Amino acid sequence: TGLGVVIIPMTIGGHRLLTRKFRHSIDSLVWEFPRAIVTKVSVGEAERFLLETTGLQATCRMIGSITPDSSALNTHYGVYEAYVDVDFEGHLPEISSTTTHESEWFSEERFALHVRDSELNDALTLAAIAMQSIETLTTSF
């Protein structure tokens, strides 16, 4: 049993932050949204984790929850959007160099190409982006 948060850091221009981490279970580097196992799924936990791992301050908003592999795991993740401000010239925010993994801002096009080409194939990240897409569609109803 576990609780977690997965955070979709974004800019108003549509850039999304992905981290690249080594996952021992598949012996490979994986692009994914920042995520963590937490003691309580909450906005505060999501904002704290984002700040600690990337140096980014943002207001998070919960858009839903995911059970990434109900056949094997009893872990529930809260999914959060985190809009990050760009500066007045439109530069993307700097990411903290104190992290132990690589992080990069992906444009909408680069993100889509990575998904299409299976370079971004982490199930939790794909589920979070699907949830965000549905959230965007349904808020216009």
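The values are calculated or read from the model by the stated rules, or taken from the named source; none is laboratory data. All figures in this text were calculated on a predicted structure; none of them were measured in a lab. FYI the Cβ positions are ideal-geometry reconstructions off the backbone, even for glycines, and counts take in every protein chain you see. Areas reflect the complete protein model, heavy atoms only, side chains present, ligands, DNA and RNA absent. Shrake-Rupley method; radii C 1.70, N 1.55, O 1.52, S 1.80 Å.
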Expressed as a whole-number percentage, the relative contact order of the chain with C-alpha contacts under 8 angstrom and at least six residues apart is 32
Given the candidates Ala123, Leu92, Leu3, the one whose Cα lies deepest towards the positive end of the charge dipole of the chain, counting +1 at each Lys or Arg C-beta and -1 at each Asp or Glu C-beta, is Leu3
So the carbon and sulfur contribution to the accessible area of the chain, 1.4 Å probe, in percent, is 53
Here, the chain modelled as identical Cα point scatterers in vacuum has Debye log10 I(q)/I(0) at q = 0.16 Å⁻¹ of -0.85
Restricted to the range 2-102, the DSSP antiparallel beta bridge percent, nearest 5, is 65
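Given the Cα-Cα distance of Leu92 and Arg48 and 0.36 nm per residue of separation, how much length would full extension add, in nm?
On the way: separation 44, 0.36 × 44 = 15.84 nm, distance 2.03 nm.
Value of the extension gain: 13.8 nm.
Which value, in nm² and rounded to one decimal, describes the direction-averaged projected area of the C-alpha convex hull of the range 12-86?
On the way: hull surface 23.5 nm².
It is 5.9 nm².
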extent check for the range 30-72: Cα max minus min per principal axis, descending, whole Å, gives 35, 24, 19
Loop-resident trypsin sites (Lys or Arg not before Pro) in the range 1-51 with no more than 16 other Cβ atoms inside 10 Å, DSSP not H/G/I/E/B, are Lys40
The size of the Cβ-based charge dipole (Lys, Arg +1; Asp, Glu -1) of the chain about the Cα centre, to the nearest 20 debye, is 420
Here the gain from full extension of Thr138 to Arg116, 0.36 nm per residue of separation minus their alpha-carbon distance, amounts to 5.5 nm
Taking a probe of 1.4 Å and leaving out DNA, RNA and ligands, the range 1-121 shows per residue an accessible area in Å² of 57
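Glu109 to Tyr83: extension gain in nm, 0.36 nm per residue of separation minus the Cα-Cα distance?
Numbers: separation 26, 0.36 × 26 = 9.36 nm, distance 1.84 nm.
Length difference between fully extended and current span is 7.5 nm.
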